[in-house]
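Reviewing the structure listed below.
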Amino acid sequence: MTPNEHETLVELSKKRLWLPFTQMKDYDRDPLIIERGDGVFVWDTQGKRYYDAFSSVWLNVHGHRKAEIDEAVREQLNKIAHSTLLGMTNVPATELADKLVRIAPAGITRVFYSDSGAEAVEIALKMAFQYWQNVGRTEKRKFVTMRGGYHGDTIGAVSVGNIDIFHKMYRPLLFDSYKVPYPYVYRHPSGDAEACRDDCLRQLEALLAEHAHEVAGLTVESMIQGAAGMLVMPPGFFKGVEQLCRKYDVLLIADEVATGFGRTGPMFACEHEDVTPDIMTVAKGITGGYLPIAATMTTERIYEAFYADYTELKTLFHGHSYTGNQLGCAAALANLRLFEKEGVLASVQEKSQWLRAELSSFEELPHVGDIRRLGFMAGIELVRDRRTKEPFEWARRTGYRATLYMRELGVLTRPLGDVVVFMPPLASTKEELSEMLAIMKRAIGEVTEQ
Ligand SMILES: *Cc1c(COP(=O)(O)O)cnc(C)c1O
């Protein structure tokens, strides 16, 4: 692209676009337009190359322009781009459903498609709510969720979310849900993983003991709260949550939108603690980061509560125009074939161990308070005072400034407040990871010393 074409496009973007989760005043100051990608790199309209160190916001798996996925989408285009799933199905959506069930945790047998993680969560909420209506337990209509939870940006998903800076504004629009503390070990008064876990489980049990009779389901991000700042559960917490859901007859809704498809090591993060959810939501990595496909997966028990004569009105009345889109499902099938062909899970396990050691070198930086990681999902929490864990002043936007400097140095990521996210494509090589980390370390070091 010529410099003139670039300038024209930047002007157009400032004049016409309104970007998600973006203060447009920031964008106007620091515009960026991506033109192409290849492997772990993307290039902007001036030809500058960047590492995609956040997988284009937690999506990309095998890198950009992966030949097998490109080819699968092209092949599908030769047949048909889209037909509806309302009352009928199509070839790749059917094949993908079978494939997903085969790799899902035990007990999951059914796949309900949509187009984004938030929609998958909306469907999970309606499914859980209606399940109890359909089986005659009409008093079970509330949800329990974790403080700091994030499940997407639609009104239902925000109602079971709990990140003040995103959600507070919309509170008058939301339905009520019970919030229980999440084990944020670094900021728990005990600072101890087991004490923090037991404290949170105790509070969850107290709530369920009192309210379970009116609770339909509990939503939780599997193993790691992403948007809250990459908070990894202490060992035993997730299993404890599952056991309490069983004990109090509350449906366990595991949100694997960020963690699914190898991101944390195993195919799904539920596997870390052998958790078997009643409902599981997936999106992001399902198509390798190519196309908007999501799914709400569930058990035969739930499915059967909806299976009846039409006149009983037990149908799940939910659907979207592009549900089960063929191009997306074809990309997802190619993505899953690559997991087998390239041994992605084994390679992630191996590289994760190495990554842990590499990341620990960030401890040399005086303003790195905590480094959290599970598989290829990592966050580096920056603090003003490491000893007291005192945060930087919020308005200084230390995390944001660090990532802007990283961008200048050729690494793209997005912070969560003062937590710098590192979430590279699973296919990244150790050399590529090393270079990304070196740039990130330099930027964090320089910006936090200012
Ligand atoms: C990203 C995310 C969502 C929302 O997915 P979208 O596709 O952006 O709507 C939901 N839950 C979790 C845990 C996520 O990380």
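Things worth noting here:
- The helices (runs of 4 or more DSSP H) located wholly in the stretch 1-76 that include 3 or more residues which are without any contact (Cβ under 8 Å) to a residue 12 or more places away in the chain and either assigned by TED's automatic domain parsing to the domain that holds Arg397 or farther than 23 Å from Leu345 by Cβ (or both) occupy 3-16, 24-29.
- Residue that is surrounded by 15 or more Cβ atoms within 10 Å (Cβ to Cβ), among the polar types (S, T, N, Q) and touching a strand residue (DSSP E or B) at 6+ places or on another chain (Cβ under 7 Å), where the choices are Asn90, Asn60: Asn60
- Residue, nearest to the ligand (Cβ to nearest atom), within the stretch 276-292, restricted to residues that are part of a loop (DSSP other than H, G, I, E, B) and either of a type in the set (Gly, Ala, Ser) or buried (at least 24 other Cβ atoms within 10 Å of the Cβ) (or both): Ala283
- Across the stretch 123-161, the number of residues qualifying as more than 15 Å from the chain's Cα centre (by Cα) and either assigned to a helix (DSSP H, G or I) or modelled with pLDDT under 95 (or both) comes to 15.
- Residues within the stretch 364-405 that are part of a strand (DSSP E or B), in contact with a Ser or Thr (Cβ under 9 Å, 6 or more places away or on another chain) and not aliphatic (A, V, I, L, M), tallied: 1
- Conditions (1) within 16 Å of the ligand (Cβ to nearest atom); (2) surrounded by fewer than 22 Cβ atoms within 10 Å (Cβ to Cβ); (3) assigned to a loop (DSSP other than H, G, I, E, B): number failed by His272: (3)
- Tabulated pairs, the stretch 428-450, first farther than 19 Å from Gly39 by Cβ and in contact (Cβ under 8 Å) with a residue 24 or more places away in the chain, second surrounded by fewer than 14 Cβ atoms within 10 Å (Cβ to Cβ) and among the charged types (D, E, K, R), C-beta under 9 angstrom, 6+ apart or interchain: Lys441/Glu364; Ala443/Glu408; Gly445/Glu364
- Every residue from the stretch 22-58 that is within 16 Å of the ligand (Cβ to nearest atom) and hydroxyl-bearing (Ser, Thr, Tyr): Thr22, Ser55, Ser56
The values are calculated or read from the model by the stated rules, or taken from the named source; none is laboratory data. Owing to the predicted nature of the structure, the values given are computational and were not obtained by experimental measurement. Here Cβ is always computed from backbone atoms with ideal geometry, including for glycine, and neighbour counts include all displayed protein chains.
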